[in-house]
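To keep things clear, I will list the structure first and then write my remarks on it.
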Amino acid sequence: MQYTAQATSSSETTARSILSAHPGVKAFFGSAEPNAEGVAAAVKALGLTGKVINVGFDASPAEVALLKSGGINATVAQPAAEEGARAAQFAYDKLTGRASAITASVRLPDVLITSAQARQPGFAKYFYIP
């Protein structure tokens with residue numbers, strides 16, 4: 001595990017360093033968009049596309065573009081629209097005196113989306129819209 005300060009350039013530098021020092025590394029998981037984006041840049045620059053698996057987390061426009069082009073092999077996405085709707089409802093409930101209607105814990109399923117699935121319409125609902 002490497003800390004990259006959540007910057008794409010820092011993630012790229014870290015990935016390049018790891019791949020140079022440990023050429024046997026075959027996969028990365030980025031816990032946020034900048035991490036997977038930086039790994040994608042490093043893998044491409046080092047000519048390792050198709051040889052190193054790059055899995056991200058979230059579904060920003062930049063990450064989805066890389067997912068569709070194969071720069072990222074897969075991403076873990078959340079049902080962001082449902083998360084937002086529930087958060088807005090809970091805020092409304094709190095502000096209108098209905099705090100008892102707020103659920104203390106909500107689990108929404110994450111979805112793994114591969115490059116092959118990224119262009120299928122059913123997965124578009126997980127992509128963040130700018």
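The values are calculated or read from the model by the stated rules, or taken from the named source; none is laboratory data. Remember, predicted model here, so these are calculated numbers, not experimental data. Quick reminder, even Gly has a Cβ in these numbers, built from the backbone with ideal geometry, and neighbours come from all protein chains shown.
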Which one of GLN89, GLN6 is exposed (fewer than 15 other Cβ atoms within 10 Å of the Cβ), more than 11 Å from the chain's Cα centre (by Cα) and either over 17 Å from TYR128 (Cβ atoms) or among the charged types (D, E, K, R) (or both)?
GLN89
Looking at ALA74, is it at pLDDT 95 or above, of a type outside the set (Phe, Trp, Tyr), under 27 Å from PRO130 (Cα atoms) and within 17 Å of the chain's Cα centre (by Cα)?
yes
Number of the exception - ASP93 against (1) charged (D, E, K, R); (2) under 30 Å from GLY50 (Cα atoms); (3) touching a helix residue (DSSP H, G or I) at 6+ places or on another chain (Cβ under 7 Å)
(2)
Out of ALA41, ALA27, ALA81, ALA62, sole residue that is among the hydrophobic types (A, V, I, L, M, F, W, C), modelled with pLDDT of 95 or more and touching a helix residue (DSSP H, G or I) at 6+ places or on another chain (Cβ under 7 Å):
ALA41
Which number in (1) farther than 15 Å from ALA118 by Cβ; (2) touching a Gly at 6+ places or on another chain (Cβ under 8 Å); (3) part of a helix (DSSP H, G or I); (4) not basic (Lys, Arg) marks the one condition that LEU19 misses?
(2)
Taking the range 45-63 only, how many residues are surrounded by 13 or more Cβ atoms within 10 Å (Cβ to Cβ) and either part of a loop (DSSP other than H, G, I, E, B) or free of Cβ contacts under 8 Å to residues at least 24 places away in the same chain (or both)?
7
